[in-house]
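**Student:** My structure is below; once you've seen it, I'll send some questions.
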Amino acid sequence: MSPSLAASAATPYGTLPPASTPAQRKPLSLPRLADMHARGEKITMLTAYDATFAAMADAAGVECLLVGDSVGMVCQGLHSTVGVTLETMRYHTESVFRGLRRVQGTAWLIADLPFGSYQESREQALRSASVLMQAGAHMVKLEGGGWTTETVRFLVERGIPVCAHLGLTPQTVHALGGYRIQGKGDAAAALLREQALALQDAGAAMMVLEMVPAALAHALTGELARCATIGIGAGRGTAGQVLVLHDMLGVNLGRMPKFVRNFMEDAGGIAQAMAAYVRAVKGGNFPDDSLHAW
């Protein structure tokens, strides 16, 4: 492969977008992500569900790819993520992993544990996580706090990196009463803080904060020294940002969430939109708390 992915990553359908050279971009790892967090460098993350978009996002410089159970709503037309199965997640994780291998990708690959695949027991969580790790994931993500703490500890002790997820947890949207901001009020904020610190102590290396007040997310980011926060609708004070790929490209079957910016509006194509997203997150220009946060 030549020094530039753009010059070498040709496919039967065209050439992948420009990227920095391998000398500039080493494969992401937990120590490298921890170093970025410690230095205050923003971490970029997008969802990915197939090989082609995964390769494009990696070439655009996106550091983390999340094979999200949002695939159920984005690709399968489901009304929530609850109907997504472990087999579906395995299939899409394998697809994304193949895309990264085709272009000697450097991205850190995270896969969601879907609803019903880890709630029964720690042992069930281990079996489900093993399926996704064997499919190519570097890390698994699970939702919720409190009861999940010991599950996270159990997985981490067995060599499985874990990303936690607090705030709005889509798998329990029915219990939450809909897609509503979480952590409002002193009691709710105190509980979220308690759960976040417990998950960090259990070994979670990353934590998605979804639809959490910006001030609370910023404060938690400062308190979680060993766990990088990744915001979505949580303001720009988090250690990194994530968006659903289709949302940031302006492709959505429903109403666009408040926290989304359509990066295709000012881009010449998908590759340029992805690169613009990376630049905006790295530069602290996205999200704009006055527009995309609470």
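**Student:** Can you work out the base-10 log of I(q)/I(0) for the chain at q = 0.07 1/Å, using the Debye formula on its C-alpha atoms alone?
**Tutor:** So the normalised log intensities work out to -0.23.
**Student:** Something else about it: What's the angle, to the nearest 10 degrees (0 to 90), between helix 148-157's Cα axis and the longest principal axis of the chain?
**Tutor:** Rounded to the nearest ten degrees, it is 50.
**Student:** Moving to a separate point now. Which whole-number percent is the relative contact order of the chain (Cα, under 8 Å, 6+ apart)?
**Tutor:** Details: 588 pairs, mean separation 48.2, N = 294.
For the chain, the relative contact order is 16 percent.
**Student:** At 7 Å along Cα-to-Cβ for each site, give me the label-to-label distance between Tyr91 and Gln124 in nm.
**Tutor:** 2.2
**Student:** Right, next: Using a cut-off of under 18 Å, list every residue of region 214-237 whose amide N is near the label point 7 Å from the Cα of Ala188 along the Cα-to-beta-carbon line.
**Tutor:** Residues 214-220, 232-235 fall inside that zone.
**Student:** Could you state the angle between the C-alpha long axis of helix 86-102 and the longest principal axis of the C-alpha atoms of the chain, as a value from 0 to 90 degrees rounded to the nearest 10?
**Tutor:** Helix 86-102 and the main axis of the chain meet at about 40 degrees.
**Student:** Continuing with the same structure: At what distance in angstrom do the alpha carbon centres of region 65-91 and region 96-164 lie from each other?
**Tutor:** 15
**Student:** Summing -39500 (n - 2.57) over the DSSP H runs of n ≥ 4 in the chain and dividing by its residue number, what mean residue ellipticity at 222 nm do you reach, to the nearest 500 deg cm²/dmol? Intermediate results must be reported in sequence, preceding the final value.
**Tutor:** Values: 13 runs with 119 residues, N = 294.
Value at 222 nm, helices only: -11500 deg cm²/dmol.
**Student:** Right, here's the next one. How big is the equivalent ellipsoid of region 110-168 along its three axes, where each semi-axis is √(5λ) from the Cα gyration tensor, reported in whole Å from largest to smallest?
**Tutor:** Values: eigenvalues 49, 30, 24 Å².
They are 16, 12, 11 Å, listed largest first.
**Student:** A further question follows. Residues of region 104-137 with the amide nitrogen closer than 13 Å to a label point 7 Å from the Cα of Cys75, along Cα-to-Cβ, please.
**Tutor:** Answer for this model: 111-112.
**Student:** Pop the C-beta distance of Thr172 and Ala34 into the FRET formula with R0 = 30 Å and round what comes out to the nearest 0.05.
**Tutor:** Working: r = 29 Å, r/R0 = 0.97.
Calculated transfer efficiency: 0.55.
**Student:** Compute a Gaussian network model of the chain, connecting alpha carbons closer than 10 Å, and tell me which residue from Leu113, Leu30, Leu192 fluctuates the most.
**Tutor:** Leu30
**Student:** What is the antiparallel percent of DSSP beta bridges lying wholly in the chain, to the nearest 5? Could you put the intermediate results ahead of the total?
**Tutor:** Values: 2 of 30 bridges.
If I count the DSSP bridges inside the chain, around 5 percent turn out antiparallel.
Where a number appears in this text, it was derived from the coordinates with a stated rule and is not lab data. Model, not experiment: these values are computed from the prediction. Glycine also receives a Cβ, built like all others from the backbone with ideal geometry; neighbour counts cover every protein chain displayed.
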